[in-house]
Amino acid sequence: MQNRWISFFIILFWAFPALPGNLPEMLFEDLRHEINEADFISLDQNKRQQLIDKLAPLFSTKTTEAYSELQQELNDELPHLLKDYSATRLVGLKNSTYTEVQPIDKIKLKGSHAIHDLKTYSQNRIGSGTARFLNETKGEVLIIASNTSEAHQSIARVLESTSWTVLPIPSLYEHWGIQKYYVSSDLKSRPDKIIWMIPPSIQYLQHYVNTFGLYSKSKVRGYFDHHYADQFNLNLVAAVKGSKANDLKIDYLIFGYQKVWQQLLTSNLKNEIIESRKIEIPEANSTLHIYKVKSAKSLTGFVTLGLFSTHSTLWGELINSYIPTFFHPELKGVVFMGSAGSLDPDIKDRKS
């Protein structure tokens, strides 16, 4: 069956020549906003504006050239940018086994919440151009929580059985594991679509479905790939265990606001630090900073702190999959800070 599936896609991709594609100009609004606002790139404001000025005339007519400019400027800082930006033709299958997720009827903010204006918040998350796409066109938005490395296969599974042109949309948030595509059909009866591919987090899928749903609940659908999510979690745990970080016997595991803790340790407590080291866990898009700090209250004379951080909020939604791999019988505590969130109530039972 697997070979038949592979053969099908070879036919599917080679049956049509890859066509040059044009993106609606409104979608440039989203990229312009990302370039202006992203706090994970070091370009000053003048450099950001220069990049926007270079891209603007290319975006709707010469997408490949525009993307090359983006890669050239940001490749050192954002190595996760897609390497292939050509248009692809495929045939929809409309036979997915994904669980479909719909926007909830009404979003309620309880008490004092950081989000005061849902419309403004959603435009910052999905982009004002995408919001206009939903408001001003017949277009739809599909969000697929599945394997982003096999995006075209996942996209084909949720599209109607006709031919489609799939064109990637430039986005700095590929750094987070989000990929965006503009999909159009030769049949005028089939509405154009924007498709987001995200890692398999059901929480973040619902989050984005709800956010898009503020503009049009009838034109937004989410799809969750349970099979890939299970395999993804297994691979994630294996990668963390492979780092041998859980052999370091951390006394306190601290999640969230890693830079704040580092500043505290290296300024206020810099004379108390005995040893420090850093472990990168690329499969979990994460970093663990280990600090051995003097402590008169400890029998050993020191405590070991593990400052754990994901490189994006999106990956933070997956912490329940890999945080328990750091647990050991002598672990004294797990600290969560601010918007880092919370573990499931039953996570204590997984310590053993």
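The values are calculated or read from the model by the stated rules, or taken from the named source; none is laboratory data. Just so we're clear, the structure is a prediction, and the values are computed from it rather than from any experiment. So basically every Cβ, Gly included, is an ideal-geometry build from the backbone, and we count neighbours across all protein chains shown. The area values use the complete protein model at the heavy-atom level, side chains included, leaving out ligands, DNA and RNA. Shrake-Rupley method; radii C 1.70, N 1.55, O 1.52, S 1.80 Å.
Does Thr300 count as touching a residue at least 24 places away in the same chain (Cβ under 8 Å) and either open to solvent by less than 100 Å² (accessible area, probe 1.4 Å) or not aromatic (Phe, Trp, Tyr) (or both)?
Values: touching a residue at least 24 places away in the same chain (Cβ under 8 Å): no; either open to solvent by less than 100 Å² (accessible area, probe 1.4 Å) or not aromatic (Phe, Trp, Tyr) (or both): yes.
Against the criterion (touching a residue at least 24 places away in the same chain (Cβ under 8 Å) and either open to solvent by less than 100 Å² (accessible area, probe 1.4 Å) or not aromatic (Phe, Trp, Tyr) (or both)), Thr300 does not qualify.
Do you know which residues across the range 116-130 are within 15 Å of Ile194 (Cβ to Cβ) and in contact with an Asp or Glu (Cβ under 9 Å, 6 or more places away or on another chain)?
So the first thing to find is which residues in the range 116-130 are within 15 Å of Ile194 (Cβ to Cβ), and the list is 122-123, 125-130.
Of everything in the range 116-130, those that are within 15 Å of Ile194 (Cβ to Cβ) and in contact with an Asp or Glu (Cβ under 9 Å, 6 or more places away or on another chain) turn out to be Ile126, Gly127, Ser128, Gly129, Thr130.
Just to be sure, is Gly129 touching a Leu at 6+ places or on another chain (Cβ under 7 Å) and at pLDDT 85 or above? Spell out the reasoning first.
Values: touching a Leu at 6+ places or on another chain (Cβ under 7 Å): yes; at pLDDT 85 or above: yes.
So Gly129 fits the description; yes.
Just checking, does the range 169-178 include any residue being in contact with a strand residue (DSSP E or B) (Cβ under 8 Å, 6 or more places away or on another chain), assigned to a strand (DSSP E or B), of a type in the set (A, V, I, L, M, F, W, C) and modelled with pLDDT under 90?
The answer is yes, given that some residue of the range 169-178 is in contact with a strand residue (DSSP E or B) (Cβ under 8 Å, 6 or more places away or on another chain), assigned to a strand (DSSP E or B), of a type in the set (A, V, I, L, M, F, W, C) and modelled with pLDDT under 90.
Kindly check whether there is at least one residue in the range 313-332 that is among the hydrophobic types (A, V, I, L, M, F, W, C) and in contact with a His (Cβ under 9 Å, 6 or more places away or on another chain). I'd like the intermediate steps shown before the answer.
Of all residues in the range 313-332, those among the hydrophobic types (A, V, I, L, M, F, W, C) come to 314-315, 318-319, 323, 326-327, 331.
Of the ones still in play, those that are also in contact with a His (Cβ under 9 Å, 6 or more places away or on another chain) are none.
No, because not a single residue in the range 313-332 is among the hydrophobic types (A, V, I, L, M, F, W, C) and in contact with a His (Cβ under 9 Å, 6 or more places away or on another chain).
Scan the range 179-201 for residues that are part of a loop (DSSP other than H, G, I, E, B), of a type outside the set (Asp, Glu) and over 19 Å from His80 (Cα atoms) and report the count. So that I can check it myself, show each step before the final result.
Narrowing the range 179-201 to residues part of a loop (DSSP other than H, G, I, E, B): 186-192, 199-201.
Retained after the next criterion (residues that are of a type outside the set (Asp, Glu)): 187-191, 199-201.
Checking which are over 19 Å from His80 (Cα atoms) leaves us with 187-191, 201.
Number satisfying all stated conditions: 6.
Does any residue of the range 244-258 turn out to be closer than 19 Å to Trp315 by Cα and in contact with a Ser or Thr (Cβ under 6 Å, 6 or more places away or on another chain)? If you could, list the steps in order and put the result at the bottom.
First, the residues of the range 244-258 that are closer than 19 Å to Trp315 by Cα: 245, 253-258.
Now restrict to residues that are in contact with a Ser or Thr (Cβ under 6 Å, 6 or more places away or on another chain): 258.
Yes - at least one qualifying residue is present in the range 244-258.
Specify which of the listed residues (Phe28, Phe13, Phe40) is at pLDDT 85 or above and either aromatic (Phe, Trp, Tyr) or part of a helix (DSSP H, G or I) (or both).
Residue meeting the stated conditions: Phe28.
Within the range 132-167, can you find the residues that are in a helix (DSSP H, G or I), open to solvent by 10 Å² or more (accessible area, probe 1.4 Å) and closer than 15 Å to Met197 by Cβ? Please lay out each step first, then the result.
To start, the set of residues in the range 132-167 that are in a helix (DSSP H, G or I) comprises 132-136, 148-158.
Next, only the ones that are open to solvent by 10 Å² or more (accessible area, probe 1.4 Å) stay: 132, 135-136, 148-150, 152-153, 157.
Thr148, Ser149, Glu150, His152, Gln153, Arg157, listed by residue number.
Take the residues in the range 248-292 that are of a type in the set (Val, Ile, Thr) and more than 20 Å from His328 (Cα to Cα); name whichever of them is least open to solvent (accessible area, probe 1.4 Å). Let's see the steps before the verdict.
First, pick out the residues of the range 248-292 that are of a type in the set (Val, Ile, Thr): 250, 254, 260, 266, 273-274, 279, 281, 287, 290.
Filter once more, so that each one left must be more than 20 Å from His328 (Cα to Cα): 260, 266, 273-274.
Details: Val260: 70, Thr266: 72, Ile273: 45, Ile274: 91 Å².
Filtering the range 248-292 for residues that are of a type in the set (Val, Ile, Thr) and more than 20 Å from His328 (Cα to Cα), the one least open to solvent (accessible area, probe 1.4 Å) comes out as Ile273.
Out of the residues in the range 98-121 meeting the condition of being of a type in the set (A, V, I, L, M) and modelled with pLDDT of 80 or more, tell me which one is farthest from Thr211 (Cα to Cα). I'd like the intermediate steps shown before the answer.
Step one: filter the range 98-121 for residues of a type in the set (A, V, I, L, M), giving 101, 104, 107, 109, 114-115, 118.
From the residues that got through so far, the ones that are modelled with pLDDT of 80 or more too are 101, 104.
Details: Val101: 13, Ile104: 10 Å.
Checking each candidate, the answer is Val101.
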